[in-house]
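The values are calculated or read from the model by the stated rules, or taken from the named source; none is laboratory data. None of these values were measured; they are calculated from a predicted model. Here the Cβ positions follow ideal geometry from the backbone for every residue, glycine too, while neighbour counts run over all protein chains shown. Remember, those area values only see protein heavy atoms, side chains included, never the ligands or the DNA or RNA. Shrake-Rupley method; radii C 1.70, N 1.55, O 1.52, S 1.80 Å.
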Amino acid sequence: MAAALGDPVRHALESVLDDVRDRTDGAVADYIPELAKVDPDRLGAALASTHGIVHEAGDVEAEFTIQSVSKPFVFALAVDALGLAEVTKHVDLEPSGEPFNAISLDEASGRPRNPMINAGAIVMTSLMAGDTADAKFDAVRAGIERFAGRDLRVDEDVYSSEASTGDRNRALAYLTRSAGTLGSAVDVATLAYFRQCSISVNARDLAIMAATFATGGVNPVTRERVISEDAARWTTAVMTSCGMYDESGDWMVRVGLPAKSGVGGGIAAVQPGQFGIGTFSPRLDARGNSVRGVATLELLSQRHGLHMLQHHGAPLSPIASLTRDDADGGETVAVLRGEILFSEAEEVLTRLAPLVGDHGCLVLDFTAVTRVAAGSRKIFSALPETMGSLADGRPRVEVRDPDGVLAAPVG
Ligand code: DON
């Protein structure tokens, strides 16, 4: 069956790659000499769903160094291990609107503007467990491997090239060290950071890594929880505001997917709750973002309505049916359906509460409800009090919830 139908998602990816393939503008990064040796014509994209299905098109197996795409994953590992309060003593969370290697430190606190620029990313690496560069890098690699769901190697040539040309990054590290925000000696942080940037990945890895944010922290292929839901949400938020450097605002308007680019040519993009996408194409624009990666994600987003703020039309009412017994003390039975998030809870309660007389009974039937968000449950649990205060009498509420969806809210 699957073979006969083919893979329509793969087809959608292939069709977008075909449309961007002739974009040969931009140039491969050469400020790290070894990066200039990459084949500039490589082009690949993969999409990993939160169900763990991976769709691939083009050069998805071609390896390249992760570079700055590592930054959100290391930030996620740091906030997961240390908590947001501790991490934000070391780094701010504000878009800098500046290039990735800018000297972008808060004047008063000395904290780098955000963890997606080099200064902030080096500080995040310095917060990893261990006292040596090797130990910190081992923590980084082990974490990134859990995001990718496989063992990853370091491109030693890129690492040597990066380490021997990395004076600007060392300078940034010294500045953060003198401001008191670096969590280790300069060499420890920068050598671990250079190795971190030199980890070899492919577009498929980036899709699965991004999808791990989309699921709220669980790798959808290996099913392993990599980070907490909080850490996944915080990181996706930082990618939203800062992931594409000084192109972040424009990107959010045109593409609308939290994302992170790297000078190796990779981009990882997240649609929370739905999927992760990884793209690879080495030629970069003036801001250090892959030209065809940006074009691929922009086209995919436009063609398939993937913008995270896309309006999908009026949602289905959560009230599937309503039966009323108008007699004093009679029942109003509402059969609810689907997902009950905040706005569905608001609709159910504001529409139904006035229908119940002073002595009536509101029966809420949750049998066909698939999920109740934690915040909505709080609203339902306050219902008896609010109904009591709406009327002089004490109308009753009865809940039919055979599967216990109210007792086990999600989110
Ligand atoms: O810090 C550097 O210079 C690089 N190794 C990583 C920078 C990077 O990927 C910037 N992204 N667009």
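Entry remark, the stretch 253-266: residues being open to solvent by 30 Å² or more (accessible area, probe 1.4 Å) and either on the phi > 0 side of the Ramachandran plot or within 10 Å of the ligand (Cβ to nearest atom) (or both) number 0 in total. The residue list Ile208, Ile227, Ile199 contains one member that is at pLDDT 95 or above, at negative phi and within 12 Å of the ligand (Cβ to nearest atom), which is Ile199. Figure legend. Inter-residue proximity from the stretch 392-403: first residues of a type in the set (A, V, I, L, M), second residues at pLDDT 75 or above and surrounded by fewer than 11 Cβ atoms within 10 Å (Cβ to Cβ), beta-carbon distance below 8 Å, spacing 6+ or different chains. No pairs are indicated.
Listed by first and then second residue, the pairs with beta-carbon distance under 6 Å, at least 6 apart or on different chains, first residue in the stretch 60-71 and near the ligand (Cβ under 8 Å from one of its atoms), second open to solvent by less than 10 Å² (accessible area, probe 1.4 Å) and among the charged types (D, E, K, R), are Val69/Lys260. Within the stretch 278-330, restricting attention to residues that are open to solvent by 40 Å² or more (accessible area, probe 1.4 Å) and within 15 Å of the ligand (Cβ to nearest atom), which residue is modelled with the highest pLDDT? Only one residue tops the list, namely Asp285.
Residues in the stretch 125-170 that are β-branched (Val, Ile, Thr) and either within 16 Å of the ligand (Cβ to nearest atom) or closer than 26 Å to Val28 by Cβ (or both): Thr125, Val140, Ile144, Val154, Val158, Thr165. Here the helices (runs of 4 or more DSSP H) wholly within the stretch 126-241 that include at least 3 residues being in contact (Cβ under 8 Å) with a residue 40 or more places away in the chain and surrounded by fewer than 22 Cβ atoms within 10 Å (Cβ to Cβ) are 133-148, 156-164, 167-179. Residue under question is Thr190, and the condition is that it be in contact with a Gly (Cβ under 7 Å, 6 or more places away or on another chain), at pLDDT 95 or above and more than 23 Å from Met244 (Cβ to Cβ); does it hold? Considered against the rule, which asks whether it is in contact with a Gly (Cβ under 7 Å, 6 or more places away or on another chain), at pLDDT 95 or above and more than 23 Å from Met244 (Cβ to Cβ), Thr190 comes out as yes. Total residues in the stretch 36-86 satisfying the condition of being touching a strand residue (DSSP E or B) at 6+ places or on another chain (Cβ under 7 Å) and at negative phi: the figure is 26.
Screening Asp250 on (1) away from the ligand (no atom under 15 Å from the Cβ); (2) assigned to a helix (DSSP H, G or I); (3) more than 25 Å from Gln310 (Cβ to Cβ) shows it passes everything except condition (3). Considering the conditions (1) more than 35 Å from the chain's Cα centre (by Cα); (2) under 16 Å from Pro402 (Cα atoms); (3) exposed (fewer than 15 other Cβ atoms within 10 Å of the Cβ), Val333 is excluded by exactly one of them, (3).
So that you can scan it fast, the table gives a plain yes or no per residue for (1) closer than 19 Å to Thr235 by Cα; (2) small (Gly, Ala, Ser); (3) open to solvent by less than 50 Å² (accessible area, probe 1.4 Å); (4) within 16 Å of the ligand (Cβ to nearest atom):
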| residue | (1), (2), (3), (4) |
| --- | --- |
| Leu93 | yes, no, no, no |
| Glu98 | no, no, no, yes |
| Ala108 | no, yes, no, no |
| Arg113 | yes, no, no, yes |
| Gly120 | yes, yes, yes, yes |
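Test Arg177 against the stated conditions and say whether it is away from the ligand (no atom under 15 Å from the Cβ) and within 15 Å of Asn118 (Cβ to Cβ). Here the answer is yes, as Arg177 does meet what is asked. Restricting Ala76, Ala85 to residues that are more than 16 Å from the ligand (Cβ to nearest atom), open to solvent by 20 Å² or more (accessible area, probe 1.4 Å) and part of a helix (DSSP H, G or I) narrows the list to Ala85. Residue count for the stretch 114-125, restricted to those that are among the polar types (S, T, N, Q) and part of a helix (DSSP H, G or I): 2.
So that you can scan it fast, the table gives a plain yes or no per residue for (1) buried (at least 16 other Cβ atoms within 10 Å of the Cβ); (2) of a type outside the set (A, V, I, L, M); (3) in a helix (DSSP H, G or I):
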{"residue": "His11", "(1), (2), (3)": "no, yes, yes"}
{"residue": "Ser15", "(1), (2), (3)": "no, yes, yes"}
{"residue": "Thr24", "(1), (2), (3)": "no, yes, no"}
{"residue": "Asp39", "(1), (2), (3)": "no, yes, no"}
{"residue": "Arg42", "(1), (2), (3)": "yes, yes, no"}
{"residue": "Ala48", "(1), (2), (3)": "yes, no, no"}
{"residue": "Gly52", "(1), (2), (3)": "yes, yes, no"}
{"residue": "His55", "(1), (2), (3)": "yes, yes, no"}
{"residue": "Val60", "(1), (2), (3)": "yes, no, no"}
